[in-house]
Amino acid sequence: MDPLSVAGLAIGAVSLAFELFSSCVKGYELILEAKDMPKSCRYLLVRFQLEKEKLLSWAVLAKLTEKDSFADAGLRLNRHTVIDTLREIQVLLLDFSKLDETYKLKLIGSTSISNESPDKQSQVKVPCLGDDNSVLQAKALNFVEKTRKYPKRLQWAVFDRGQFEKLLSSLGALNSNMMSFLEAYERKRHFQMQEATFMQILQVNNKIGDLFELMHSLKASTAPHVEGDNKFDKARSQAYEERLISLTRFKAVSIAIENNSQSKDTSDIRMSSLLADAPNESKFAFEKLSQLASDDQERPARSAGLLNAARVWLEWRYYEEGEEDEGPPQFVATRVSKLARLLSDTMKPAEFLVPLCLGIVHDEAQCRYGFIFKSPEALGHQLPVSLLELMSTTKKPSLTTRVRIAHKVATSIWYLHATNWLHKGLRSENVIFQDRDDIRSAIPYLCGFDYSRPANIGEETERPTENLLHDLYRHPNTQFDVPREGRKGFNKLYDIYSLGVLLYEIGVWMPIEKCLDMDTIKASVVKTVKPRLLEADNMDSLESEAGDLFASAARACLNGLSVREESLSSVESDARLQVNFGDQVIKKLELIAA
């Protein structure tokens, strides 16, 4: 007997679409919680969870309610097709005889109730849903609870990985079909909601094994396309899939690089394969460089020159010599090496907007390391131009250009944070353009990275450079003589605060010291930056220059995105910070950048 017997209760005025949707949500839940899936296949549940999220996000955008109507005109026009598609999803998930017949997958009612949490089915952690999705899911499950009877839990009697992947593919195709009924802007928003969900999943998984499972899940069933999908949606879907895999891989690589320095155990095949993808940084002899040119500063941040006759530019990292031996302290050399490996990774996500590092050079005479980058032909012998230089020497560009730059820089930090890569030196001096001729279309790149991870007890730390102009961008907890990592370790809120200062500069197109009319830069003045930027008059000035949404995004960054710093030791709070970053900053900038 089919374990899913229908109670036959009246559904009254509840719409057929909502009834079918609710059954689909319940079907997803039952399969996600089903016992006895082979451990080697549990990574597929992450993909299954993502398909459920797609359906929930679709329903949120469609404004699906219990009423027998759709708010969207396109959905009303295609009402019967939508209902047919929901019915197909319901059959796939809840008609177990057909599931057995078509996919050779057999589910039966469980005779015992395990105390094991459904989340334990997969090693990969899946955080709580977004607020809108959570509310709608609760409403759907509550409706099902009142109108139908289902087993408390199911278990797998027969399971085949290949057939389950086919089931995933079928569900993906039906979800894509549902997407086609949305308006173009809603389809774009749907992709954004999917990405936000994935960012949460990525944020809470910090073990190489879990990240490998996540990558396998993403590759197991790439998003299918249905007939009628337009080329733009296909391209966006493909880019979305590739970006998720790339972000997951990079996070695993960064963890492997860190763990490899702490352990001599190289027996972990997964770690070895990741490190093979990110080979050791290339080290060049300083003598290989020629025609070094830089500005007139005593310790220039960047120089242009030739490396084996090829044009390059270098970014310098200075150090203080150790007390006992000549040369850099070992921990500095180690951090430079790790950072160079990340910067040199040819497979890192393009969305990071980080130039590709060719290798490093050690200039012992000047106590500095140089990260070497290839110069585009357009640069010639020149250095890339920094945002600080542009704001100081060029007239204010159009609002469109300023918003585009702000959106790209903020999105880059958002993606970096998703992989737990922190910048630590975000300021307008470290946003560069490799095309000096046309800022309207030039791509901003991030440089000036400092290797960062939360400081361990007893770990050696570095003091920040004694440059009060740099302190203008730093969070109050990391200013002056506080170690680079802060007193308790550098965290994402510090990067986000620096982004807020940077957004303010971009909005008014003026260096921060000029924004606040600072005649002299001294410690007592630097301490006032945050409260002064948040003053009503200064925020009004930003609004008049760049608009309400832009000012709101900058204000959110300066205020810490409504997340308390002391709570960031919690993985869930870290995931919430990533969501808030997307909602309060990225989404707002995207609305005005479109």
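Rule-based calculations on the coordinates, nothing more; no lab input. None of the values given here were measured: they were computed from a predicted structure. Cβ atoms come from the backbone with ideal geometry, glycine included; neighbour counts cover every protein chain shown.
Observations, loosely collected:
- Exposure proxy shown here: for ARG317, ARG564, the number of other Cβ atoms within 10 Å sets the order, fewest to most, as ARG564, ARG317.
- Structure note, pairs LYS54/LYS149; LYS35/LYS234; LYS522/LYS588: Cα-Cα distances above 30 angstrom occur for LYS35/LYS234; LYS522/LYS588.
- Couplings for region 344-349, taken from phi via the Karplus curve 6.51 cos²θ - 1.76 cosθ + 1.60 with θ = phi - 60°, read 8, 5, 6, 9, 5, x Hz in order; Gly and Pro are left as x.
- Per-residue packing, averaged as other Cβ atoms within 10 Å, sorts the ranges 419-427, 514-522, 139-147 into the order 419-427, 139-147, 514-522, beginning with the highest.
- Percent of alpha-carbon pairs separated by more than 18 Å within region 279-383: 50 percent
- Sequentially through region 529-538, phi angles give Karplus couplings (6.51, -1.76, 1.60; θ = phi - 60°) of 4, 4, x, 6, 4, 8, 4, 4, 4, 5 Hz, Gly and Pro residues having no value and appearing as x.
- Length released on extending from LEU77 to ALA235, taking residue separation times 0.36 nm less the Cα-Cα span: 54.3 nm
- Farthest positive-ward along region 279-383 dipole, Cα basis, beta-carbon charges - from MET347, SER282, SER303: MET347
- Taking other C-beta atoms within 10 Å as the exposure proxy, HIS190, HIS362 rank HIS362, HIS190 from fewest upward.
- Sites TYR185 and LYS522 - FRET efficiency at Förster radius 60 Å, r taken between beta-carbons, to 0.05: 0.75
- When each of PHE373, PHE21 is scored by the number of other beta-carbon atoms lying within 10 Å, the sequence from fewest to most is PHE373, PHE21.
- Among PHE373, VAL385, TRP414 - extreme Cα towards positive end, dipole of region 363-435, charges at beta-carbon: TRP414
- Proximal lysines relative to LYS39, as straight alpha-carbon distance under 24 Å, when same-chain residues fewer than 8 apart are discounted: LYS26, LYS52, LYS104, LYS106, LYS120, LYS125, LYS152, LYS166, LYS207, LYS219, LYS251
- Approximating the spin labels as points 7 Å out from Cα along Cα→Cβ, the ARG436-to-ASP36 distance works out to 7.1 nm.
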